[in-house]
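The values are calculated or read from the model by the stated rules, or taken from the named source; none is laboratory data. All values reported here derive from a predicted model rather than from experimental measurement. Cβ placement follows ideal geometry from the backbone for every residue including glycine, while neighbour counts extend to all protein chains displayed.
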Amino acid sequence: MAMKMLGLIAALAAAPAAAQPGGAAVGPQPAAALEASLGAPDYTRDGAWLCLPGRVDACANPLATTALNANGYGSTGRAMPAADPKIDCFYVYPTVSRDAEINSDLIPGNEEKLTAEAQFARYGSVCRTFAPMYRQLTTIGLGRVMMGAEDPRAAFDLAYGDVLAAWHEFLAHRNRERPFVLIGHSQGSVHLLRLLQHEIDGKPIARRMLSAILLGWTVEVPEGKLVGGSLKSIPLCTAVGQTGCVITYMSFRDASPPPPGSFLGRAAHPGMTAGCTNPAALGGGRAPLDSYWYTLRPPAPGAPAVAWSREGAPPTPYLRTEGLVTAECRHDGTAGWLSLTVNGNPADPRTDDIPGDVYIGGRLNPGWGMHLADAAVAQGDLIALVEAQARRFTASATPARRSAARPPRVRRR
């Protein structure tokens, strides 16, 4: 069931808007009925956006953050948006809506706001933040799809249509031909991959794309290659400062790689593998990660709670850990994943574990890996890469495809 669903969603990502996986245009279908019942968003209105630059919203909140090192809790600071960043970031959030229907409404709830804050707001230190509300497949809808009780095609078409409309409005009236970064996780990456395939790959606008950060979903590449699977001309990133490329991974614990038939961590097509780029070592190898953790989310039923320090509860909603986790990209046939090792030490007060495993019905689901940690576990490294790309891009009239520059280690509490 998991591999069948993976293949179906992969086909949806490759299909143009308002088309079935085979590519044939369709007439009225359930997506049209959903459109009529839910009402299309108007992205010319600021109220249709979850995050926009220059206003108070989920991406503008000061992020109180405390360093957690081997000695325990350290210094505390607040991350704030930059005053005048030179690039834009366009973010599509993952499956978080708890609305009761298959597709969500367009009213931002706490789940959308907190997810955007935790996954995206910190990028405001290097870019202007844009995030549309969209009628996503909800958590209830996803559950029905995974049980085989719901065909996801109409729901995904509706959600992607919103993302596409927001993208067109972003380009036409909000971006002003600035360089941009696409950022997504899980369902957000599904829609952004589809956007890349049909709106950016091989087109002139690709020259303005610094990178696409697609986490928690498979970007396929031929085994041993950097391009030619999901995307025809946009490669995986392999060097700091490289632009016009994709950063992607699905994280799994070192001791629990993607099992056979897993929903995540695998390509759906023979001869392909799931692309993996380690944000802390784009050229390959193991490297310690710069992580930012949201500590107020309660564990899912069945999941153990993380005691971040023997000193007690965290003093702020966010913690930063540097080197607590080490990562390395690994491949085995169709499987490709970011392998995470927690560098715990029982002798020090800092936690010896991290959150991120997926529990369904109170039971650990190894086929999803560390899906809930994808965006947090290397967030500092990802922001540093975007900063390096922006600096390289603005220093040159055309995007640089390779750079030997080291990523800046910017302190962001």
VAL96 passes all but one of (1) more than 21 Å from LEU382 (Cα to Cα); (2) under 16 Å from the mean Cα position of the chain (by Cα); (3) in a helix (DSSP H, G or I); (4) touching a residue at least 40 places away in the same chain (Cβ under 8 Å); which number fails? (3)
May I ask you to say which residue of ASP290, ASP357 is assigned to a loop (DSSP other than H, G, I, E, B), at pLDDT 95 or above, surrounded by 20 or more Cβ atoms within 10 Å (Cβ to Cβ) and in contact with a Lys or Arg (Cβ under 8 Å, 6 or more places away or on another chain)? ASP357
I'm trying to understand the selection: among the residues of segment 150-167, which are aliphatic (A, V, I, L, M) and in contact with a helix residue (DSSP H, G or I) (Cβ under 6 Å, 6 or more places away or on another chain)? ALA154, ALA155, LEU158, VAL163
Name the pairs: first residue in segment 375-396 and within 11 Å of ILE87 (Cβ to Cβ), second residue assigned to a helix (DSSP H, G or I), Cβ to Cβ under 7 Å, at least 6 apart or on different chains? VAL386/TYR123
Assuming TYR93 fulfils every condition listed in (1) modelled with pLDDT under 95; (2) hydroxyl-bearing (Ser, Thr, Tyr); (3) under 21 Å from SER211 (Cβ atoms) apart from one, which condition is it? (1)
If you take the residues in segment 171-188 that are among the hydrophobic types (A, V, I, L, M, F, W, C) and buried (at least 19 other Cβ atoms within 10 Å of the Cβ), which one is nearest to the chain's Cα centre (by Cα)? ILE183
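Yes/no per residue for (1) outside any loop (DSSP other than H, G, I, E, B); (2) at pLDDT below 95:
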| residue | (1), (2) |
| --- | --- |
| GLY323 | yes, no |
| CYS329 | yes, no |
| PRO346 | no, no |
| GLY367 | yes, no |
| ALA376 | yes, no |
| PRO408 | no, yes |
Of the listed residues (ALA159, ALA206, ALA165), the one being surrounded by 24 or more Cβ atoms within 10 Å (Cβ to Cβ), assigned to a helix (DSSP H, G or I) and touching a residue at least 12 places away in the same chain (Cβ under 8 Å) is ALA159
Tell me which residues, restricted to segment 213-236, are out of contact with any Asp or Glu (no Cβ under 9 Å at 6 or more places or on another chain) and closer than 21 Å to MET370 by Cβ. ILE213, LEU214, TRP217, THR218, VAL219, GLU220, LEU236
Anything in segment 293-303 that is modelled with pLDDT of 95 or more and loosely packed, with under 15 Cβ neighbours inside 10 Å? List them, or say none. LEU296
Condition met for SER104 (crowded, with 24+ Cβ neighbours inside 10 Å and more than 20 Å from LEU215 (Cα to Cα)): yes
Quick check on my filter: what residues within segment 168-203 are out of contact with any Leu (no Cβ under 9 Å at 6 or more places or on another chain), of a type in the set (A, V, I, L, M, F, W, C) and free of Cβ contacts under 8 Å to residues at least 40 places away in the same chain? LEU171, ALA172
Against the conditions (1) within 19 Å of the chain's Cα centre (by Cα); (2) within 26 Å of LEU385 (Cα to Cα); (3) assigned to a loop (DSSP other than H, G, I, E, B); (4) not aliphatic (A, V, I, L, M), where does HIS191 fall short? Just the number, please. (3)
Could you please give the count of residues in segment 209-238 that are under 24 Å from PHE120 (Cα atoms), surrounded by fewer than 15 Cβ atoms within 10 Å (Cβ to Cβ) and without any contact (Cβ under 8 Å) to a residue 12 or more places away in the chain? 0
Among the residues of segment 39-59, the number that are closer than 19 Å to LEU158 by Cβ, within 23 Å of the chain's Cα centre (by Cα) and either among the acidic types (Asp, Glu) or in a loop (DSSP other than H, G, I, E, B) (or both) is 2
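Residue by residue, here is whether (1) of a type in the set (A, V, I, L, M); (2) touching a strand residue (DSSP E or B) at 6+ places or on another chain (Cβ under 8 Å); (3) within 27 Å of ARG391 (Cα to Cα) holds:
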position	(1), (2), (3)
GLY261	no, no, no
ALA274	yes, yes, no
PRO288	no, yes, yes
TRP293	no, yes, yes
Would you pick out the residues in segment 127-149 that are part of a loop (DSSP other than H, G, I, E, B) and touching a helix residue (DSSP H, G or I) at 6+ places or on another chain (Cβ under 8 Å)? CYS127, MET133, TYR134, ARG135, GLN136
Test TYR43 against the stated conditions and say whether it is in contact with an Asp or Glu (Cβ under 8 Å, 6 or more places away or on another chain), among the aromatic types (Phe, Trp, Tyr) and either farther than 28 Å from TYR292 by Cβ or at pLDDT below 95 (or both). yes
